[in-house]
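Visitor: One structure follows; several queries about it will come next.
The values are calculated or read from the model by the stated rules, or taken from the named source; none is laboratory data. This one's a predicted model, so the numbers in the text were calculated from it and none came from an experiment. All Cβ positions, glycine included, derive from the backbone under ideal geometry; neighbour counts span all protein chains shown.
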Amino acid sequence: MKDRRFRRPVLLAVGALLVLVPAAAGCGSSRSSKASAGSICPPAQQEPLLAGVLTHLTPSASFRLASGRTAWAVTSNRPDQDQLFSSVGGIARLAVVRAGGAADPSSDPAVTLRHSDEWVALPVGPGDWQVYTDNLGISLGIRVVSCPSGRG
């Protein structure tokens, strides 16, 4: 008869890997995008578009992104140290919807805000837009600015 003291730790380790590896690899929604290569433009070139606090599935005020510009978003929220994997999965998902449209987390393009004070390019072109979060239980402080395209 084999020693069961060895089997249990091995099974626990394999189970932990099955949970941790996909989370660390950023698996999840295929609609989420990472920040584009480069960095945000200098503050003198930033045009403020939106500042506020978002709650679950409630779209922000609308903002207009002009042609030839790229929208960037940032949060001032810090990761919740009590939430398992918050430093791996990010602080929150920020989704984008056409102004006046209904929030639909299953189809709206989104980005993951992984760290506070880290700018992320939004997956939108020129037009009128709103952003929302589909994370439960948080109030998400955000700012959205635009930069000349090709910069960031």
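Visitor: Output the number of the condition that ARG143 fails; it satisfies all remaining conditions of (1) assigned to a loop (DSSP other than H, G, I, E, B); (2) on the phi < 0 side of the Ramachandran plot.
Guide: Tallying (1) assigned to a loop (DSSP other than H, G, I, E, B); (2) on the phi < 0 side of the Ramachandran plot, ARG143 fails exactly one: (1).
Visitor: Still on this structure, please answer the following. Out of all the residues in the range 76-85, is one or more of a type in the set (S, T, N, Q), surrounded by 13 or more Cβ atoms within 10 Å (Cβ to Cβ), in contact with a helix residue (DSSP H, G or I) (Cβ under 8 Å, 6 or more places away or on another chain) and at pLDDT below 95?
Guide: Looking for residues that are of a type in the set (S, T, N, Q), surrounded by 13 or more Cβ atoms within 10 Å (Cβ to Cβ), in contact with a helix residue (DSSP H, G or I) (Cβ under 8 Å, 6 or more places away or on another chain) and at pLDDT below 95, one finds none in the range 76-85, hence no.
Visitor: Next question, about the same structure. Being assigned to a loop (DSSP other than H, G, I, E, B) and touching a residue at least 60 places away in the same chain (Cβ under 8 Å) is the filter here; which residues of the range 118-140 pass it?
Guide: Going residue by residue through the range 118-140, those that are assigned to a loop (DSSP other than H, G, I, E, B) are 118-119, 122-126, 134-139.
GLU118, TRP119, PRO123, GLY125, PRO126, ASP134, ASN135, LEU136, GLY137, ILE138, SER139, listed by residue number.
Visitor: Which ones in the range 111-136 are touching a Phe, Trp or Tyr at 6+ places or on another chain (Cβ under 9 Å) and of a type outside the set (Asp, Glu)? Spell out the reasoning first.
Guide: Step one: of the range 111-136, the residues touching a Phe, Trp or Tyr at 6+ places or on another chain (Cβ under 9 Å) are 119-122, 128-131.
Result: TRP119, VAL120, ALA121, LEU122, TRP129, GLN130, VAL131.
Visitor: Just give me the residues in the range 30-69 being modelled with pLDDT of 95 or more, more than 13 Å from TYR132 (Cβ to Cβ) and of a type in the set (Gly, Ala, Ser), in sequence order.
Guide: ALA44, ALA51, ALA66, SER67, GLY68
Visitor: If we keep just the residues of the range 108-152 that are within 14 Å of the chain's Cα centre (by Cα) and of a type in the set (Lys, Arg), which is surrounded by the fewest Cβ atoms within 10 Å (Cβ to Cβ)?
Guide: ARG143
Visitor: Does at least one position in the range 118-125 carry a residue that is on the phi > 0 side of the Ramachandran plot, of a type outside the set (Asp, Glu) and modelled with pLDDT of 95 or more? It would help to see each step written out before you state the result.
Guide: Let us first name the residues in the range 118-125 that are on the phi > 0 side of the Ramachandran plot, namely none.
So far as the range 118-125 goes, no, none of its residues is on the phi > 0 side of the Ramachandran plot, of a type outside the set (Asp, Glu) and modelled with pLDDT of 95 or more.
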